[in-house]
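Visitor: This is the structure, below, for whatever I ask next.
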Amino acid sequence: MSSSLFDVVNPSNESQISQVVRNTPEQTSRAIERSTSAFASWKLVPPSQRAALLRNFSETVRSHVKELADIEVANSGHTISNAIWEANNVADVLAYYSGSVERLGGREIPVAQGIDITFKEPIGPVGIIVPWNFPMPIASWGFGPALAAGCTVVLKPAEVTPLTAIRLGELALEAGIPEDVFQVVTGSGSDVGETMVLDRAIRKIVFTGSSAVGSRIQRLAADQIKRVTLELGGKSANIIFDDADLDKAAASAPSSVFDNAGQDCCARSRLLVQESIYDKFMERFEEAVKGVRVEDPSLETSQMGPLITASHRESVRSYVDESLVLFKGSAPEGPGFWYPPTVIGGIDPSHRLFREEIFGPVVTVTKFKDEQEAIALANDSDYGLSGSIWTSNLGRGLRVARGVQSGNLSVNSHSSVRYSTPFGGYKMSGLGRELGPDAPDSFCEVKNVFISTEI
Ligand code: NDP
């Protein structure tokens with residue numbers, strides 16, 4: 001079957017901005033064969049040289065930040081300020097993991113009658129399957145540590161947002177990363193993605209996306225005892241206690257859920273507010289929501305862009321029961337897949353608005369009485385990815401953080417992702433951790449060698 005082209009559309013104005021190749025399963029298999037051949041030499045590149053190549057890749061990305069950001073604004077509708085952060089994040093991730101190449105060693109373990117040494121060896125070609133919500137950073141959280149460990153990479157961007165991945169592939173070559181060590185294969189999840197999962201030469205899949213596809217990938221990978229790292233959805237809580245700095249908590253709550261138009265696995269889409277300060281908080285929160293600038297994302301002033309596609313906007317809309325809306329922000333009229341920041345109240349935790357990942361600019365607000373109830377409500381979810389706790393009592397902040405079943409929590413902040421700290425989820429939010437100092441280890445086999453001193 002020969003490949004065809006698919007249209008790439010700007011979600012802010014619905015114009016076609018490019019056409020990209022839809023690769024077939026056969027073409028994907030050939031890319032995997034090339035990745036396997038490239039692995040044989042990439043794993044032998046001396047560590048200092050591999051580190052230098054990653055540093056070069058980082059610097060090349062850094063010198064193209066504005067170009068990459070502009071592509072992302074047009075392809076994904078991200079605000080220009082976010083897109084610049086995202087492109088810089090790729091450069092940061094590569095720089096950080098370039099430093100791990102020469103530190104990635106085994107150890108000598110004391111044993112009787114000999115010497116025991118462990119070696120860390122790269123596992124082989126790795127498949128990285130990326131969603132459309134943060135195409136650049138999420139890709140780099142996989143390929144940065146994988147390349148550092150000595151693995152080769154086949155990267156599949158989401159069909160709707162392939163453009164920055166294609167450009168990163170070109171920049172890798174420009175930076176001197178040898179041909180076929182880092183390949184970008186565009187096309188659909190069912191053709192390209194699933195071929196990568198099923199091909200035995202791919203030794204690990206790093207997947208970010210929906211829980212449904214993540215669970216299918218885990219089942220398929222199990223047949224080959226293939227490793228998977230899964231970063232899936234979220235329904236994170238933003239917990240506001242009565243001793244919090246209410247001005248800061250209210251001013252920051254909109255960006256914690258409406259950033260990237262709510263298309264963020266870490267979005268704090270369940271706001272939990274202590275009942276004693278509910279009215280005071282909501283007054284400030286409403287003002288902040290109505291002040292969110294939803295406008296052309298290429299403008300420096302823009303704080304929120306459109307949703308990714310018309311069908312995704314329909315999915316978000318289908319969740320919102322207008323009779324439950326407390327208030328809304330504004331959004332431009334079409335063209336473009338715009339949807340206003342929307343605040344929902346008066347629902348029970350059994351309601352699907354409280355339970356399901358909507359992946360749009362929609363937040364529910366629920367009152368709680370005390371610490372125990374706040375923790376219970378935060379944990380009343382199939383997900384466990386992120387969360388925030390606002391309090392001036394650090395002891396309470398830590399107690400609640402320890403009580404909430406979630407991989408990434410922040411106190412008096414909405415920070416979720418730093419390249420130097422581990423990131424991943426509890427429960428249906430995923431399996432394994434990305435980023436942080438240990439990420440390259442997850443791309444290595446550990447080999448143990450015993451040398452007898454008795455002969
Ligand atoms: P998917 O899980 O379908 O897509 C994520 C990636 O997986 C894309 O690259 C997709 O390819 C690929 N893919 C799809 N099917 C397969 C398969 N069978 N084998 C291998 N790869 C596959 O997410 P959606 O884009 O459909 O979004 C649906 C919902 O998932 C969202 O509304 C949100 O709730 C959640 N989501 C969560 C994300 C997160 O960050 N945790 C990110 C994105 C979505 P392609 O799209 O090109 O066909």
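Visitor: Test LYS156 against the stated conditions and say whether it is basic (Lys, Arg), touching a helix residue (DSSP H, G or I) at 6+ places or on another chain (Cβ under 9 Å) and either outside the structural domain of LEU54 (by TED's automatic domain parsing) or within 9 Å of the ligand (Cβ to nearest atom) (or both).
Guide: yes
Visitor: Still on this structure: Taking region 177-191 as the region of interest, how many residues are over 17 Å from ALA91 (Cα atoms) and either in a helix (DSSP H, G or I) or more than 13 Å from the ligand (Cβ to nearest atom) (or both)?
Guide: The total comes to 8.
Visitor: A follow-up question, please. List every residue pair whose Cβ atoms lie under 6 Å apart, where the two residues are 6 or more positions apart in sequence or sit on different chains, the first residue falls within region 14-31 and is assigned to a strand (DSSP E or B), and the second residue, located anywhere, is exposed (fewer than 13 other Cβ atoms within 10 Å of the Cβ).
Guide: GLN16/ASP7; GLN19/LEU5; GLN19/ASP7; ARG22/SER4
Visitor: For the condition hydroxyl-bearing (Ser, Thr, Tyr), in a loop (DSSP other than H, G, I, E, B) and surrounded by fewer than 15 Cβ atoms within 10 Å (Cβ to Cβ), what is the one hit in SER315, SER350?
Guide: SER350
Visitor: Take ASN412 and tell me if it is of a type outside the set (Ser, Thr, Tyr), within 15 Å of LEU272 (Cα to Cα) and either surrounded by fewer than 18 Cβ atoms within 10 Å (Cβ to Cβ) or within 16 Å of the ligand (Cβ to nearest atom) (or both).
Guide: Yes; evaluated as a whole, the condition is true for this residue.
Visitor: Same structure, new question: I need the full set of residues from region 262-311 which are among the acidic types (Asp, Glu) and in a loop (DSSP other than H, G, I, E, B), in order please.
Guide: Those that are among the acidic types (Asp, Glu) and in a loop (DSSP other than H, G, I, E, B): ASP264, GLU295, ASP296, GLU300.
Visitor: Condition test on ASP264, is it surrounded by fewer than 17 Cβ atoms within 10 Å (Cβ to Cβ) and acidic (Asp, Glu)?
Guide: no
Visitor: Name the residue, out of ILE80, ILE129, that is more than 15 Å from the ligand (Cβ to nearest atom), touching a residue at least 60 places away in the same chain (Cβ under 8 Å) and hydrophobic (A, V, I, L, M, F, W, C).
Guide: ILE80
Visitor: Suppose the filter is among the β-branched types (Val, Ile, Thr), assigned to a helix (DSSP H, G or I), buried (at least 23 other Cβ atoms within 10 Å of the Cβ) and touching a Pro at 6+ places or on another chain (Cβ under 7 Å); does VAL61 pass it?
Guide: The answer is no for VAL61.
Visitor: For the structure I just gave you, tell me whether ALA378 is without any contact (Cβ under 8 Å) to a residue 24 or more places away in the chain, closer than 17 Å to ARG270 by Cβ, touching a Leu at 6+ places or on another chain (Cβ under 8 Å) and not assigned by TED's automatic domain parsing to the domain that holds VAL206.
Guide: Taking the combined requirement at face value, the residue does not satisfy it.
Visitor: Output the residue which, of all residues in region 14-28 that are among the polar types (S, T, N, Q) and surrounded by fewer than 16 Cβ atoms within 10 Å (Cβ to Cβ), is nearest to LEU163 (Cα to Cα).
Guide: The selected residue is GLN19.
Visitor: Still on this structure, I have one more. Given the criteria surrounded by 15 or more Cβ atoms within 10 Å (Cβ to Cβ) and either of a type in the set (S, T, N, Q) or farther than 25 Å from LEU147 by Cβ (or both), does VAL45 qualify?
Guide: No: the conditions fail for VAL45.
Visitor: Being in contact (Cβ under 8 Å) with a residue 60 or more places away in the chain, surrounded by fewer than 24 Cβ atoms within 10 Å (Cβ to Cβ), not in a helix (DSSP H, G or I) and not aromatic (Phe, Trp, Tyr) is the filter here; which residues of region 132-176 pass it?
Guide: ASN133, GLU159, VAL160, ALA175, GLY176
Visitor: Can you name the number of the only condition in (1) within 15 Å of the ligand (Cβ to nearest atom); (2) assigned to a helix (DSSP H, G or I); (3) over 28 Å from HIS312 (Cα atoms) that LYS248 fails?
Guide: Only one criterion in (1) within 15 Å of the ligand (Cβ to nearest atom); (2) assigned to a helix (DSSP H, G or I); (3) over 28 Å from HIS312 (Cα atoms) is unmet by LYS248, namely (1).
Visitor: Separate question: In region 67-76, how many are farther than 10 Å from MET136 by Cβ and in contact with a helix residue (DSSP H, G or I) (Cβ under 7 Å, 6 or more places away or on another chain)?
Guide: 2
Visitor: With the condition kept exactly as written, say whether any residue in region 201-209 is of a type in the set (Gly, Ala, Ser), touching a strand residue (DSSP E or B) at 6+ places or on another chain (Cβ under 9 Å), within 10 Å of the ligand (Cβ to nearest atom) and touching a residue at least 40 places away in the same chain (Cβ under 8 Å).
Guide: Yes; the residues of region 201-209 include at least one that is of a type in the set (Gly, Ala, Ser), touching a strand residue (DSSP E or B) at 6+ places or on another chain (Cβ under 9 Å), within 10 Å of the ligand (Cβ to nearest atom) and touching a residue at least 40 places away in the same chain (Cβ under 8 Å).
Visitor: Another one. Within region 217-233, work out how many residues are within 28 Å of VAL257 (Cα to Cα) and not aliphatic (A, V, I, L, M).
Guide: Summing the residues that are within 28 Å of VAL257 (Cα to Cα) and not aliphatic (A, V, I, L, M) in region 217-233 gives 3.
Visitor: Being among the β-branched types (Val, Ile, Thr) and under 19 Å from the mean Cα position of the chain (by Cα) is the filter here; which residues of region 79-108 pass it?
Guide: Within region 79-108, THR79, ILE80, ILE84, VAL90, VAL93 meet the criteria.
Visitor: Among GLU356, GLU300, GLU295, GLU286, which is within 16 Å of the ligand (Cβ to nearest atom) and assigned by TED's automatic domain parsing to the domain that holds ILE389?
Guide: GLU356
Visitor: Hey, another quick one. Report yes if some residue within region 353-368 is of a type in the set (D, E, K, R) and under 19 Å from LYS280 (Cβ atoms); otherwise report no.
Guide: Yes, there is a match, as at least one residue in region 353-368 is of a type in the set (D, E, K, R) and under 19 Å from LYS280 (Cβ atoms).
The values are calculated or read from the model by the stated rules, or taken from the named source; none is laboratory data. Predicted model, so just to flag it, every value in this text is computed and none were measured. Counting neighbours? That spans all protein chains shown, and the Cβs are built from the backbone with ideal geometry, glycine included.
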